[in-house]
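J.: Got a structure for you, questions after.
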Amino acid sequence: MGDQPIQESLLEAERGPQTGMQLITSMLEKLLQADDHPRVVGIGIGSTGPTDPIQGLIVNPGTLPGWVNVPIVSWLEQRFQVPACLENDADAAALGEYWQGAGKGARRLYAITVGTGIGTACIIDGKVYRGAGGFHPEGGHLIVDPGGPACYCGGRGCWESLASGTAIAESMRRQLGKQPGADLPNAKAIAEAARQGHPLARRVIESAAESFALGVFTVLMTFFPELIVLSGGVMRSYDLFQPAIERALQDASVYLPVERVQIVQAQLGYYAGIYGAAYAIMKRNHDGLSA
Ligand SMILES: [Zn+2]
């Protein structure tokens, strides 16, 4: 499956659950019409959150208008007569890396995706760590600076409002004294300028890297995973973040044997979530549903 049909389905999803579900159903039907299609043992779904993986509901994501308590799992199970399951997309991507990517064999894996926001997931012995009721903890809204910029969640100085790609572009905008919405370089261009020694770009990236490292420090103190898997567009500039992360590891070494922690880049890119959703349904068929 290429990128195109999936991108298309995302656009359609914005038109509400009826249209979105019709599109998902017709995509699956098309796959099943092929003469050589493999035997289907189940359907795994990774979706933007909040999701309720226990009830199989897409709850009410800000990015999917109208998708309020959509019972996607029972719809697909009834239509296709196979088991289905739903995972938060960050959990699905982390499971994919655990199964087929950078996280193979890691007993305690913490995944951090830094793109337009910051997504986090924790995989312990091959299972998604779930919060109460099965809900996914939102690591991107750890507060790293109570006096920091406002976050869309209503808080201030959240990890993602200081260190995501959006935050880097916003920080540059503020430094330049421009109005919100002004046409400005994106995080990738700012990272490139920083690498070439542009002083303002360097300041912006160094500040984002310091904030990012504070979040990593909190992850180390809270979970102390042996593997941290980094992904997302911003982490393609990992070299610019590395010095701050190394200082965070050094700070944590007062309490923890940080030499046991490995920090690596994800390997599966966009496909991590697809592998992870497949792994989730195979695992659920085998072990049953766990809250
Ligand atoms: Zn927030």
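J.: Which whole-number percent gives the relative contact order of the chain, counting Cα pairs below 8 Å spaced six or more residues apart?
T.: Numbers: 527 pairs, mean separation 62.2, N = 291.
Computed over the chain, the figure is 21 percent.
J.: If you don't mind, there's one more thing I want to ask. Per residue, what accessible area does the stretch 48-88 have, given a 1.4 Å probe and all protein chains present, in Å²?
T.: Per-residue accessible area for the stretch 48-88 comes out at 43 Å².
J.: Here is a further query. Carbon and sulfur: what percent of the stretch 9-147's accessible surface (1.4 Å probe)?
T.: 54 percent
J.: Taking only protein heavy atoms into account and a 1.4 Å probe, give the accessible area per residue of the stretch 130-200 in Å². Kindly include the intermediate steps, with their values, before the conclusion.
T.: On the way: 3870 Å² over 71 residues.
Accessible area per residue: 55 Å².
J.: Would you mind getting the Kirkwood hydrodynamic radius of the stretch 1-135 from its Cα pairs, rounded to one decimal in Å?
T.: Kirkwood radius, the stretch 1-135: 16.0 Å.
J.: Between Val82 and Gln18, what length comes free when the chain is fully extended (0.36 nm per residue of separation minus the Cα-Cα distance, one decimal in nm)?
T.: Details: separation 64, 0.36 × 64 = 23.04 nm, distance 2.07 nm.
Taking 0.36 nm per residue and subtracting the Cα distance, the gain is 21.0 nm.
J.: With the contact rule set at Cα under 8 Å and sequence spacing of 6 or more, what percent relative contact order holds for the stretch 133-289?
T.: Taking the mean separation of contacting Cα pairs over the length of the stretch 133-289, I get 17 percent.
J.: Same structure, new question: For the full complex of protein chains and a 1.4 angstrom probe, list Asp183, Asp52 by accessible area with the highest value first.
T.: I get Asp183, Asp52, largest accessible area first.
J.: Which three lengths, in whole Å and largest first, does the chain cover when its Cα atoms are put on their principal axes?
T.: That gives 58, 46, 35 Å along the principal axes, largest extent first.
J.: State the percentage of accessible surface on the stretch 155-291 attributable to carbon and sulfur atoms; use a 1.4 Å probe and exclude ligands, DNA and RNA.
T.: After summing per-atom areas, the C and S share lands at 52 percent.
J.: A follow-up question, please. Among rounded, prolate and oblate, which fits the stretch 131-257 when a ≥ b ≥ c are the square roots of the eigenvalues of its C-alpha gyration tensor, a/c under 1.5 means rounded, and a/b larger than b/c means prolate?
T.: The shape class here is oblate.
J.: Counting Lys and Arg as +1 and Asp and Glu as -1, what is the net charge of the other residues whose Cβ lies under 13 Å from the Cβ of Gly46?
T.: Its environment carries a net charge of -4.
J.: Taking a probe of 1.4 Å, how large is the accessible area per residue of the stretch 243-291, in Å²?
T.: On the way: 3080 Å² over 49 residues.
With the other protein chains kept in place, the stretch 243-291 gives 63 Å² per residue.
J.: Could I ask something else about it? Evaluate the stretch 7-82: find the radius of gyration of its Cα atoms, find its Kirkwood radius, and give the ratio Rg to Rh.
T.: Values: Rg = 12.8 Å, Rh = 13.1 Å.
Rg divided by Rh gives 0.98.
J.: So, one more: With +1 on each Lys and Arg Cβ and -1 on each Asp and Glu Cβ, how big is the dipole of the chain about its Cα centre, in debye rounded to the nearest 20?
T.: 340 debye
J.: Still on this structure, please answer the following. Percent relative contact order of the stretch 195-288, based on C-alpha pairs within less than 8 angstrom and at least six residues apart?
T.: Relative contact order here is 34 percent.
J.: Could I ask something else about it? Rank by packing, highest mean first: peptides 238-248, 204-214, 26-36, with packing defined as the count of other Cβ atoms within 10 Å averaged across residues.
T.: 204-214, 238-248, 26-36
J.: Can I ask one more? Using 7 Å Cα-to-Cβ label points, what is the Val258/Met221 separation (nm, one decimal)?
T.: Distance between label points: 1.3 nm.
The values are calculated or read from the model by the stated rules, or taken from the named source; none is laboratory data. Please read these numbers as outputs of a predicted model, since none were measured by experiment. Here Cβ is always computed from backbone atoms with ideal geometry, including for glycine, and neighbour counts include all displayed protein chains. Note: areas computed on protein heavy atoms with side chains; ligands, DNA, RNA excluded. Shrake-Rupley method; radii C 1.70, N 1.55, O 1.52, S 1.80 Å.
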